[in-house]
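Where a number appears in this text, it was derived from the coordinates with a stated rule and is not lab data. Since the model is a prediction, treat every value here as computed from it, not as a measurement. A quick note on method: Cβ atoms are made from the backbone with ideal geometry, for glycine too, and the neighbour counts reach across all protein chains shown.
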Amino acid sequence: MVAMGKLWMYCMVVCLGLALSDIVSGQVGNPFLPDGGKRREMVPAMFVFGDSLIDNGNNNDLPSFAKANYFPYGIDFNGGPTGRFSNGYTMVDEIAELLGLPLIPAFSEASGDQVLHGVNYASAASGILDITGRNFVSRIPFDRQIRNFQTTLDQITDNLGAIDAAEALAKCIFFVGMGSNDYLNNYLMPNYPTKDQYNGQQYADLLVQKYTQQLRTLYNLGARKFVVAGLGRMGCIPSIIAQSTADGCSEEVNQLVLPFNANVKTMMNNLNADLPGSRFIYVDIAHLFEDIVTNARTYGFSVVDRGCCGIGRNRGQITCLPFQTPCENRDEYVFWDAFHPTEKVNIIMATKAFNGDPSIVYPINIQQLASL
């Protein structure tokens, strides 16, 4: 643990002195990176909270039906299936690379020096509400993800001391992408009472009230730079399309999630005003998705409404089965399975979130946030 503390301190010193080093030498070496450190680290670390869109293995050892640690998941990932719900990279994998960081390890696997550049706490089937995702049995809701972060924070503080740990954390990126399952695996599930208890606006209000408390908790633990991802056009995912009797997206579901995204934007403006030193930015996933579908041919996509692997209508009724043979032309598909985008889409979205304009990421992009 002492050695880890020294490494953390060195990492922080390297990051704080990075701009000067770049001017002097034009290139920075960092011994923590697997490639010998021939790239710049823009932040000391990134901490990730979310669901299956960015889970990278936290559910692997849980008694859960929400797992992706088997082929064909990971077919295009160096190392094969890891628990990522993708054929390759997730969105946060690409963001980590753009920030000059190595891939962020899952909390379930990270120990010692592995937490040096951050930890991924995301869990498939998890939600803002603890009750979300119970159909999948075990999962790690957002509240518990935050408690897991506290465990990591205790390790950091024990080694760095409270003041130095706080200074380092204030420079780190906290990526949060929650809410999809609170609709898919709660509100829209027939065995949940939620739809009978709340209309769309009331449910969005409930979710964002809870979400605000959770983000305030992360702030109180030392987080300052937040990247919050909105919900995509969920009525257009193969799973929802497969349930519809009509062709194309379910506009009913698309309309259902609009109040959530609107509330999140309002929440972020309020938090930026209320929490000293905080910077919250919003990634408009719905806008990104619309752009990709509208300009599908420009991006090289030919299939926008069904999964590359899966069973049933639009390959969306059952997700990828173990050892199922997926489509060969994966870069032409927007969706990998019934719920999740392909690596290509993840990389496009990450890149636009990193350096895009305010129509995509508001009020500043991730690159600008990292440089503050």
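For the stretch 60-100 versus the stretch 128-157, the spacing of their alpha-carbon centroids is 19 Å.
For the chain, the dipole from Cβ point charges (+1 on Lys and Arg, -1 on Asp and Glu) about the Cα centre works out to 220 debye, to the nearest 20. The stretch between T325 and T294 holds 8.3 nm of extra length on full extension. This uses 0.36 nm per residue minus the Cα-Cα distance. In the structure displayed, which of K225/K265; K67/K210; K67/K265 lie more than 22 Å apart, Cα to Cα? K67/K210; K67/K265, as the Cα separations exceed 22 Å there. A helix-only calculation puts the chain at -12000 deg cm²/dmol for mean residue ellipticity at 222 nm, using -39500 (n - 2.57) for each DSSP H run of at least four residues, averaged over all residues. Of the peptides 79-91, 142-154, 333-345, 299-311, the ranking by mean beta-carbon count within 10 Å, highest at the top, reads 333-345, 79-91, 299-311, 142-154. Our summary gives the stretch 221-366 a relative contact order of 26 percent, counting only alpha carbon pairs under 8 angstrom and 6 or more residues apart. Here the Karplus curve 6.51 cos²θ - 1.76 cosθ + 1.60, taken at θ = phi - 60°, turns the phi angles of the stretch 183-189 into couplings of 9, 5, 10, 7, 4, 8, 8 Hz, with x standing for Gly and Pro. Distance between the modelled labels on D357 and R216, one decimal in nanometres: 3.6 nm (7 Å Cα→Cβ projection).
Here the stretch 262-283 and the stretch 208-238 have alpha carbon centers that stand 10 Å from each other.
The coefficient of translational diffusion for the stretch 2-371, derived via Stokes-Einstein from the alpha carbon Kirkwood radius under 10 °C and 1.306 mPa s, stands at 76 µm²/s.
Computed from Cα positions, the angle between helix 2-16 and the longest principal axis of the chain comes to roughly 90 degrees. When DSSP beta bridges are restricted to pairs lying wholly in the chain, around 25% turn out antiparallel. Helix 142-160 axis versus longest C-alpha principal axis of the chain: approximately 10°, rounded to the nearest ten. Residue ranges 356-369, 166-179 sort as 166-179, 356-369 when ordered by packing (mean number of other C-beta atoms within 10 Å per residue, highest first). Farthest towards the positive end of the charge dipole of the chain, among the residues M46, V176, A162, is the Cα of A162, using unit charges on the Cβ of Lys, Arg, Asp and Glu. In a fully extended conformation the segment linking Q114 and D158 would gain 14.2 nm over its present Cα-Cα distance, using 0.36 nm per residue. For the chain, what's the relative contact order in percent, using C-alpha pairs closer than 8 Å and at least 6 residues apart? Across the chain, relative contact order equals 17 percent.
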